[in-house]
Ligand SMILES: [Fe+2]
């Protein structure tokens, strides 16, 4: 089982949302974590949602209309408060119920789903905010302990055959254009860590001029019968 990163070289802990938002990421730290033990019954909220398979984005009115117990109401108020506090800083995170992902297509040239280790990317300064309220949590991996999947010889040969050209700058453009430069394989004995449940994270993403390497992460792999997840992401 992947543990939470109590002594991780790239993770720094903070004490408030203000600190989470305002602390610059530098000196190799590419993930900030506000550790929390949340009150409220988040699984009750999931039960009342009866979410369709896939990802359902929940809005405030929909959540407040659920007829849940006091513990369920505390869970809903907690999620909405997180969302509102981040909105006050100009972010726009969403609350999602994830009832299974659309899985990895074995026929694809290379795995590029969210359950594969990947980086997030933006054209301008941005970070990803993430909290798992219920269900399996996301997983991070040290950026020193991975290889770009497109660099795995067998995968690269397949991509080159599909590209139909030489391994030059135009091939790199092809990789970028298909997001093949955003997915990674964990090396043997890679240092992975769990984002845990209840904790609010800010992780570094790839954008021009970023001061730190993006945080490589993945969603939990879908397993038949696994309970749905309730998350904040943005
Ligand atoms: Fe991501």
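The values are calculated or read from the model by the stated rules, or taken from the named source; none is laboratory data. Worth saying up front: this structure is predicted, and the values here are computed from it rather than measured. Counting neighbours? That spans all protein chains shown, and the Cβs are built from the backbone with ideal geometry, glycine included.
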| said: Let me confirm something: among 57, 112, which residue is under 22 Å from the mean Cα position of the chain (by Cα) and free of Cβ contacts under 8 Å to residues at least 60 places away in the same chain? | reply: 57
| message | List the residue pairs whose Cβ atoms are under 7 Å apart, where the first residue sits in the stretch 213-228 and is away from the ligand (no atom under 16 Å from the Cβ), the second is modelled with pLDDT of 95 or more and in a strand (DSSP E or B), and the two are 6 or more positions apart or on different chains. | response | 228/97
| request: Note down all Cβ pairs under 8 Å where the first residue falls in the stretch 132-148 and is within 19 Å of residue 110 (Cα to Cα) and in contact (Cβ under 8 Å) with a residue 40 or more places away in the chain, the second is within 16 Å of the ligand (Cβ to nearest atom) and not in a strand (DSSP E or B), and they're at least six residues apart or on different chains. | output: 146/117
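How about the stretch 178-205: which of its residues are surrounded by fewer than 16 Cβ atoms within 10 Å (Cβ to Cβ) and either under 11 Å from the mean Cα position of the chain (by Cα) or within 12 Å of the ligand (Cβ to nearest atom) (or both)?
Step one: list which residues in the stretch 178-205 are surrounded by fewer than 16 Cβ atoms within 10 Å (Cβ to Cβ), which gives 179, 187-189.
Scanning the stretch 178-205 gives a single hit, 179.
Do any strands (runs of 3 or more DSSP E) entirely within the stretch 179-234 hold 2 or more residues that are modelled with pLDDT under 95, and if so, which?
Details: elements: 184-186, 192-194, 200-204, 216-218, 229-233.
Correct list: 192-194.
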| remark: Here the residues within the stretch 110-134 that are within 11 Å of the ligand (Cβ to nearest atom) and part of a strand (DSSP E or B) are 118, 121, 128, 130
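On the given criteria, is residue 176 part of a helix (DSSP H, G or I), free of Cβ contacts under 8 Å to residues at least 60 places away in the same chain and under 15 Å from residue 120 (Cβ atoms)? Steps first, answer last, please.
Numbers: part of a helix (DSSP H, G or I): yes; free of Cβ contacts under 8 Å to residues at least 60 places away in the same chain: yes; under 15 Å from residue 120 (Cβ atoms): yes.
So residue 176 fits the description; yes.
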| said: Exactly one condition in (1) surrounded by fewer than 19 Cβ atoms within 10 Å (Cβ to Cβ); (2) assigned to a loop (DSSP other than H, G, I, E, B) is false for residue 162; which is it? | reply: (2)
